[in-house]
1. Which whole-number percent gives the relative contact order of the chain, counting Cα pairs below 8 Å spaced six or more residues apart?
2. So if we plug the beta-carbon distance of residue 298 and residue 216 into 1/(1 + (r/R0)^6) with R0 = 45 Å, what FRET efficiency do we get, rounded to 0.05?
3. Quick check for you: with a 1.4 Å probe and neighbouring chains kept, what is the accessible area per residue of the stretch 16-64, in Å²?
4. Take the alpha carbon atoms of the stretch 279-370, find their radius of gyration, then divide it by 2.2 N^0.38 Å using N residues; give the quotient.
5. Hey, any idea what the orientation-averaged projected area of the convex hull of the stretch 16-64's Cα atoms comes to, in nm²?
6. At a 10 angstrom cut-off on C-beta neighbours, averaged per residue, how do the peptides 563-569, 23-29 rank from highest to lowest?
7. Quick one: give the max-minus-min coordinate of the C-alpha atoms of the chain along each principal axis, largest first, in Å.
8. Using r as the Cβ-Cβ distance of residue 519 and residue 400, and R0 as 35 Å, what FRET efficiency do you calculate, to the nearest 0.05?
Amino acid sequence: AIRYDGVNVFGYTVWSLLDGFEWHRGYSIRRGLFYVDFQSHDKKLMPKSSVLFYQKLIEKNGFPPLPENQPIEGIFPCGFAWGIVDNYIQVDTTPAQFLDSNVYVWDVHQTKKLIKVDGVFTSKRKRHCVDFAAIRLQISLLQEMHVTHFHFSLKWSLILPLGNLSLINHTLVHYYQCFASELLRVNITPVVALWQPMPENQELPVSLAKYGAWENPETVQAFVEYAKFCFTSLGDHIKFWITMNEPSVKNLTYTAGHNLLKAHAKAWHLYDKEFRRTQKGKISIALQADWVEPACPFSRNDQEVADRILAFDIGWLAEPIFGNGDYPQVMRAWLHRRNSVDLYNFHLPYFSEDEKKLIQGSFDFFALSHYTTTLVGWEKEDALKYDHYLEVQMINDITWLHSPSRTAVVPWGLRKLLKWVKSKYGDVPVYVMANGIDDDQNMVHDKLRVYYIQNYINEALKAYTLDNVNLQGYFVYSFNDKTAPKYGLYSYVANQYEPKPSTKHYREIVDNNGFPGPESPELLCPEEIASCPECHFFRTRKSLLAFIAFIFVAFIVTIFFITYYSKRAERRYK
């Protein structure tokens, strides 16, 4: 009010110094900076954490700008992955007219339609990637954004409808092959997830979803067989794999999570032993990781609650893979305590020593999806936002920016999360695999998303430059409104894609590789060799090339001998 509105504010007084009698509410609420123990004889006083906060506020005479809260200038390293996400690409396998072997006559006089001629057919030809018109459109939109990577998920339930190799959707597999090869043709690296949970059947084949889904140990082996099929069929085009993308811990039982971890580890080791040497790719898991901040930074109880949530939300699946091979000790201790007082027994399974060795270290990088930050406290205040299971109070800060869906926009939460990952799991390569916000579809300008992308990427830059986090890439969520309504950088209206202002803004950041300033050191990156479709064609058909080379050499040798002996014969007759 003083700075922006010119209001002559000359002082501020906080209410209240001590807890006391609050009129009709009596002693049921406390508003004091000092806690009063009403039960003690001398009414003992204890300073609350708000005293420490107010004391620091008076010392600073307000809110001087802190360096860590200011945007910084700088650029990301060479080879930084700039990407965008589409949960599931638009799949349209409608056959092109060129694949139709029927012969038609155009009735130009009466019906004005094509009439099929019965019994007359042309020769059939093989399918080609150009037959899929939907691919060309999606690729052209991605090219407009200047991204280097594109992240999407395969549909397990459609590729193997029965959950095994007895029935394979070869048309869909060919579509994925074409999509990946077309991405490579325009220098965009495909980043592909084998499985991503969806509401319907968790995106599992019906036969697996019907018999327990991830609760059933047989799903583990089914996933490994599916992964092997994908590595074999698509591995020539895809070098950047995600086993599971954003498994929702809110919807997982402890048994399901246990099996999911074993499935991931077995798929990772399968790739490592049988495919890595020839395909030269990398593979890991992608976890959803929203930051949790203690409501009071001076409260030890609030900090303990925040640590507990991070252990259950992220550490549950991260610690066995990136840590010591077992679940977080905080989880086991909390569940042991709950089981001793509750009627229900929350059993967290144990890994055998062999399973620990299998799971621990089954990663090439740490991939995370991050969207928002939540405040938490230990004291129950709002029953609707209180988690009785973990004994945590979720708190909404009304001063934060919020999206139409009430998602909080807290850019500094991303930096804190990245620092936390480094402190927990060391100098592991990190990819922010998805980061985005919803908007109002009725608005022409998505100003909130522009602000969101600008500030979240700047916080990621701080994590890289100031905190030395080994950040390798950033992917914005999402590609378009058709597959992710309200989250897209492209709107989708009347079968037309239109770029939103955030598209141009993100493209500028990508082109600048961050936020270069006048004092930013010049980064000289080695020029990448431009790939071409012909090069990729030859790289993926080495055996065919060897055979053609053999035929060519044999042909030359045959011509040589024919010429040689013909000349000898001519000289003999002369």
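1. Working: 869 pairs, mean separation 79.8, N = 574.
It rounds to 14 percent for the chain.
2. Computed FRET efficiency for residue 298 and residue 216: 0.45.
3. On a per-residue basis, 81 Å².
4. Values: Rg = 15.6 Å, N = 92, 2.2 N^0.38 = 12.3 Å.
Compactness ratio reported: 1.27.
5. With every direction weighted equally, the projected area is 4.2 nm².
6. 563-569, 23-29
7. Taking the Cα atoms of the chain, the three principal extents are 134, 64, 60 Å.
8. Taking R0 as 35 Å, the efficiency between residue 519 and residue 400 is 0.65.
The values are calculated or read from the model by the stated rules, or taken from the named source; none is laboratory data. The structure displayed is predicted, hence computed values, not measured ones. We place every Cβ from the backbone using ideal geometry, glycine too, and count neighbours over all the protein chains shown. Heads up: the accessible areas ignore ligands, DNA and RNA and are worked out on the full protein's heavy atoms, side chains in. Shrake-Rupley method; radii C 1.70, N 1.55, O 1.52, S 1.80 Å.
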